[in-house]
1. Test of understanding: among A671, A659, A637, which residue is out of contact with any Gly (no Cβ under 7 Å at 6 or more places or on another chain) and either of a type in the set (G, A, S) or over 17 Å from A560 (Cβ atoms) (or both)?
2. When residues of the stretch 505-534 are filtered for being closer than 20 Å to A352 by Cα, of a type in the set (V, I, T) and assigned to a helix (DSSP H, G or I), how many remain?
3. Go through S490, S448, S497 for me and flag whichever is touching a residue at least 60 places away in the same chain (Cβ under 8 Å), hydroxyl-bearing (S, T, Y) and surrounded by fewer than 24 Cβ atoms within 10 Å (Cβ to Cβ).
4. Is it the case that H632 is closer than 19 Å to Y281 by Cα, touching a Phe, Trp or Tyr at 6+ places or on another chain (Cβ under 6 Å) and in a loop (DSSP other than H, G, I, E, B)?
5. Taking the criterion of being buried (at least 24 other Cβ atoms within 10 Å of the Cβ) and farther than 23 Å from D93 by Cα, would at least one residue in the stretch 310-318 satisfy it?
6. Test of understanding: among D651, D695, which residue is away from the ligand (no atom under 16 Å from the Cβ), on the phi < 0 side of the Ramachandran plot and not in a loop (DSSP other than H, G, I, E, B)?
7. Restricting to the stretch 128-158, count the residues that are free of Cβ contacts under 8 Å to residues at least 24 places away in the same chain and either surrounded by 13 or more Cβ atoms within 10 Å (Cβ to Cβ) or β-branched (V, I, T) (or both).
8. Taking the stated definitions as given, is A113 aliphatic (A, V, I, L, M) and in a loop (DSSP other than H, G, I, E, B)?
Amino acid sequence: MTVGRAERRGAPTMDARSMGTSVRRIEGPDKVTGTAAYAGDTPAADALVLHPVQATVARGEITAIDTAAAQALPGVVAVLTHHDAPTLGDTGDPEHRVLQGTTIHHRGQFVAAVLAEHPEVAAEAARLVVVTVDEAPSTTAFDPDGESYVPSALGNGQPPDSTVGDPDAALAAAPVVMRAEYSTPMEHHNPMEPHATTATWFDDRVEVYEASQGADLARQTLATLFDTEVVVHAQHVGGGFGTKGFLHAGSVLTVLAARAVPGRPVRFALGRRQMFETVGYRPVTVQRMALGAEPDGRIDALVHDVIGATARYKEFVEPAGGSSRSMYAAPHRRTSHRAVPLDLDAPTYMRAPGEAPGSFGLECAMDELAVALDLDPIELRVRNEPSVHPENGLPFSSRGLVECLRSGAERFGWSTWERAPRRRLVDGWWHGVGVGAGTFPAFRMPGSTAEITFTGGRYVVAIGAADIGQGARTVLTQIAADALGVDVASIAVEIGSTEVPVGSIAGGSAGTASWGSTVVEAADRFRDKYGDAPDDGDHADAATPDNPWAEEYAMAAYCAQFAEVAVHADTGEIRVPRLLGVFGVGRILNPALARSQLQGGLVWGLSMALHEESVVDPRFGGVVNHDFAGYHVAANADVRDVEVAWIDEDDPYVNPMGAKGIGEIGIVGVAAAIANAAYHATGVRVRSLPITCDDFLTSGLL
Ligand code: MOS
């Protein structure tokens with residue numbers, strides 16, 4: 001039994017026997033032996049291959065499409081254009097209006113598709129389709145001072161502006177003021193598995209294998225568009241990162257094409273280049289920070305004004321100022337967001353949308369304030385730790401930030417470094433250390449159902465969860481085992497399909513919290529009905545229960561990220577010999593899986609800090625470095641020591657398991673820690689990602 005605070009407050013977390021142990025990933029053997037089928041390689045006899053025709057301008061109207069040459073190519077089965085596409089139902093998402101008209105909203109937009117027996121034929125036929133376009137003027141270059149507007153809401157549904165007190169007056173009166181502008185570039189999701197769809201249209205339904213973070217949401221979308229019964233399978237997904245949360249145009253195009261060839265599977269796996277053209281990205285941000293403080297470090301005013309890119313045809317605004325609403329105490333505060341509309345593919349959710357880029361601005365600004373105050377940056381953060389949520393006044397269900405900072409400092413050897421920058425030159429490399437902190441909300445999505453059936457001596461637990469590599473299948477097995485009071489061997493979890501009860505998406509770091517709470521509720525009902533000696537066929541189900549504490553506590557995960565950086569004194573080359581992330585994320589349900597997921601977040605944070613940047617050429621309106629040669633994602637040679645640790649945290653309010661989400665917080669604060677370490681190493685302050693040799697070479701300081 002979890003004792004102490006949890007019991008005293010009457011909201012104990014549940015007993016753990018399997019939870020907290022590193023149960024092996026259930027589908028591991030299937031994956032390493034190559035028998036786990038993904039959407040793009042699931043067996044489908046006689047599948048036709050789809051190859052799209054894509055817009056070559058950023059904006060315009062199609063005036064003619066000539067498909068004759070493509071149709072005439074042997075092996076071509078069909079060529080689809082807006083002339084013959086059916087009218088689709090309205091999901092409210094402009095990305096879903098595939099082949100519904102003549103308007104081109106962005107370069108790379110799908111304007112036609114070829115179905116053929118072989119991929120080479122399909123590609124050649126797509127090349128033969130002649131699309132005549134009346135090109136219109138477009139804007140694809142981001143200018144923070146150009147046309148912009150205040151959006152109605154941010155990507156996470158929060159309001160764009162939040163002001164407490166009078167931040168401008170407080171800044172004017174503050175003894176110490178730090179103002180600076182930070183920027184983060186456009187970045188693209190690059191899961192190992194690209195988006196892929198295999199779809200077959202039958203008389204009474206369409207059956208779809210989809211690379212998706214949520215089979216049921218995909219089903220709902222397709223059912224609305226095509227007004228038919230839809231079955232979606234997503235047993236194994238090779239990474240999501242947000243891009244697979246919602247269906248994009250390629251999935252719709254594939255189902256639309258399948259409708260043209262009833263009974264025959266149609267397959268479309270995006271090429272890596274198409275991953276840079278049609279499935280979203282993290283949009284560019286410019287963040288204007290202002291911090292006003294007392295000489296002892298207490299912050300009087302905190303301002304985080306964000307200007308970010310969105311698409312003209314579909315709004316998505318990165319909530320980069322969001323975490324500045326809860327990280328630090330300050331009586332006067334403002335966060336604001338403006339959106340710059342561009343003629344590009346629409347941005348979307350990407351691992352820690354808001355927190356990942358926003359923590360770069362906030363946490364670098366905190367470091368600069370610490371320098372201005374001649375105060376240790378950890379101490380500055382501790383002095384501004386809020387006792388309640390600084391904007392809504394709620395107490396925190398648990399908040400491990402200070403403990404993460406302190407235990408991380410200890411583990412990292414923080415106190416062995418002089419605070420002044422540019423003091424350690426070893427073998428021609430300037431070394432320094434930096435810290436960045438972060439948060440990510442802990443919440444529960446409604447709308448899942450879990451079903452438990454006792455059969456053949458095992459409990460079959462069915463819920464439409466998605467395993468996108470994080471280990472949902474395994475962790476839900478552990479949760480079910482503990483909730484039912486049995487061994488994991490007695491549990492068989494069925495997920496990843498609309499043929500099991502509905503599940504919410506693997507998103508918002510809320511998968512385990514949402515599905516797990518639902519499984520626990522179903523298990524409680526099962527035991528209430530049948531006790532611990534059930535008969536074959538005994539059955540119980542439950543919907544996701546509301547969290548009774550959701551309105552009474554502010555709930556979030558916290559982290560402290562530490563980096564050691566080395567910058568070459570002659571070339572400006574930057575390396576990261578050490579990274580450490582310390583996390584306050586409630587109960588860790590499976591240490592091996594958690595470590596792997598958090599470590600992946602840290603590695604991506606390094607990649608964000610040093611490598612990733614999608615470059616738009618405004619003459620053509622598209623991303624020019626659309627492959628792994630031009631867009632570098634951190635690989636083994638870029639990564640040295642990456643250590644993950646967590647504090648003991650018992651949070652009885654988040655859910656019965658006491659677990660906060662860990663999917664996204666791993667990346668939060670890492671880029672700031674690296675930029676702050678680079679300053680400490682060299683005295684050069686880099687405020688724009690990614691950090692490159694040029695930043696040091698042009699500084700005049702090397
Ligand atoms: Mo995540 S970016 O909520 O899929």
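1. Details: A671 fails: out of contact with any Gly (no Cβ under 7 Å at 6 or more places or on another chain); A659 fails: out of contact with any Gly (no Cβ under 7 Å at 6 or more places or on another chain).
Criteria check complete, one pass: A637.
2. The qualifying residues number 1.
3. On the way: S490 fails: touching a residue at least 60 places away in the same chain (Cβ under 8 Å); S448 fails: surrounded by fewer than 24 Cβ atoms within 10 Å (Cβ to Cβ).
Every option except S497 fails the conditions.
4. Working: closer than 19 Å to Y281 by Cα: yes; touching a Phe, Trp or Tyr at 6+ places or on another chain (Cβ under 6 Å): no; in a loop (DSSP other than H, G, I, E, B): yes.
In short, no.
5. Among the residues of the stretch 310-318, not one is buried (at least 24 other Cβ atoms within 10 Å of the Cβ) and farther than 23 Å from D93 by Cα, which makes the answer no.
6. Numbers: D651 fails: not in a loop (DSSP other than H, G, I, E, B).
Only one candidate qualifies: D695.
7. 0
8. Values: aliphatic (A, V, I, L, M): yes; in a loop (DSSP other than H, G, I, E, B): no.
Taking the combined requirement at face value, the residue does not satisfy it.
The values are calculated or read from the model by the stated rules, or taken from the named source; none is laboratory data. Just so it is clear, the structure is predicted and the values come from calculations on it, not from any experiment. Neighbour counts run over all protein chains shown; Cβ positions are idealised from the backbone, glycine included.
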